[in-house]
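Reviewing the structure listed below.
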Amino acid sequence: LSEYKHIVNALGIEERPRPATIPSVSFSEADVKGIVFPHVDPLVLILMVNGADIKRALVDGGSSANILFAKTFDAVRIGRKYLTPVSYPVISFNGSKLRPEGSVALQVRISKGATARDMMIKFLVIDVPSVYNAIVSRRLIHDMQVVVST
């Protein structure tokens with residue numbers, strides 16, 4: 001059943017080499033300072049997108065698409081003329097279908113300094129209200145080689 005679930009949720013199958021070394025991850029008391037336990041808060045990041053800080057980017061482990069909301073896309077001042085048309089709908093949280101304004105590949109940076117990761121990420125631009133400025137998918141988390149921990 002677990003293998004079937006993985007296959008159903010996969011967008012594509014591609015062979016990736018296993019990393020030569022797998023670093024260990026640990027947390028200290030300093031890392032949890034200010035956190036009230038137990039916590040079940042969603043993971044929300046600040047992403048640097050094309051040089052602009054995008055606050056309130058929700059990490060949605062169940063999403064297969066990276067979403068940039070139209071108000072945020074317009075605030076970054078890239079211009080809608082750079083959007084590539086999209087012919088398929090996006091299924092929202094409540095099951096309704098939304099037609100994206102288009103897609104665009106943007107440079108994204110997570111973190112700062114020596115731990116920073118940069119990648120070109122494809123976003124679907126959606127024109128609906130949201131408390132978040134972006135939603136990033138489980139694929140982005142894997143591609144950036146970062147770990148979500150609770």
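Take the residues in segment 68-113 that are within 18 Å of VAL131 (Cβ to Cβ) and over 18 Å from the mean Cα position of the chain (by Cα), then tell me which one is surrounded by the fewest Cβ atoms within 10 Å (Cβ to Cβ).
Here the residue is ASN94.
Could you give every pair whose Cβ atoms fall below 8 Å, whose first residue belongs to segment 126-137 and is under 18 Å from LEU83 (Cα atoms), and whose second residue is surrounded by 19 or more Cβ atoms within 10 Å (Cβ to Cβ) and of a type in the set (Ser, Thr, Tyr), counting only separations of at least 6 or pairs across chains?
ASN133/THR72; ALA134/THR72
Any chance you could count how many residues in segment 71-108 are hydroxyl-bearing (Ser, Thr, Tyr) and closer than 16 Å to LEU47 by Cα? Let's see the steps before the verdict.
Initial filter on segment 71-108 (hydroxyl-bearing (Ser, Thr, Tyr)): 72, 82, 84, 87-88, 92, 96, 103.
If we keep only those that are closer than 16 Å to LEU47 by Cα as well, we get 72.
Residues flagged as hydroxyl-bearing (Ser, Thr, Tyr) and closer than 16 Å to LEU47 by Cα within segment 71-108 amount to 1.
Could you list, in sequence order, the residues of segment 114-140 that are of a type in the set (Val, Ile, Thr) and buried (at least 18 other Cβ atoms within 10 Å of the Cβ)? If you could, list the steps in order and put the result at the bottom.
Quick first cut of segment 114-140, residues of a type in the set (Val, Ile, Thr) only: 115, 121, 125-126, 128, 131, 135-136.
Passing the criteria: ILE121, VAL125, ILE126, ILE135, VAL136.
Of all residues in segment 20-67, which are outside any loop (DSSP other than H, G, I, E, B) and either more than 23 Å from VAL128 (Cα to Cα) or among the hydroxyl-bearing types (Ser, Thr, Tyr) (or both)? First the steps, then the outcome.
Start the filter on segment 20-67 by keeping residues that are outside any loop (DSSP other than H, G, I, E, B), which leaves 29-32, 44-49, 52-60, 67.
Across segment 20-67, the qualifying residues are GLU29, ALA30, ASP31, VAL32.
No value in this document is a laboratory result; all are computed from the given coordinates. Remember, predicted model here, so these are calculated numbers, not experimental data. Positions of Cβ are backbone-derived with ideal geometry, glycine not excepted, and every protein chain shown enters the neighbour counts.
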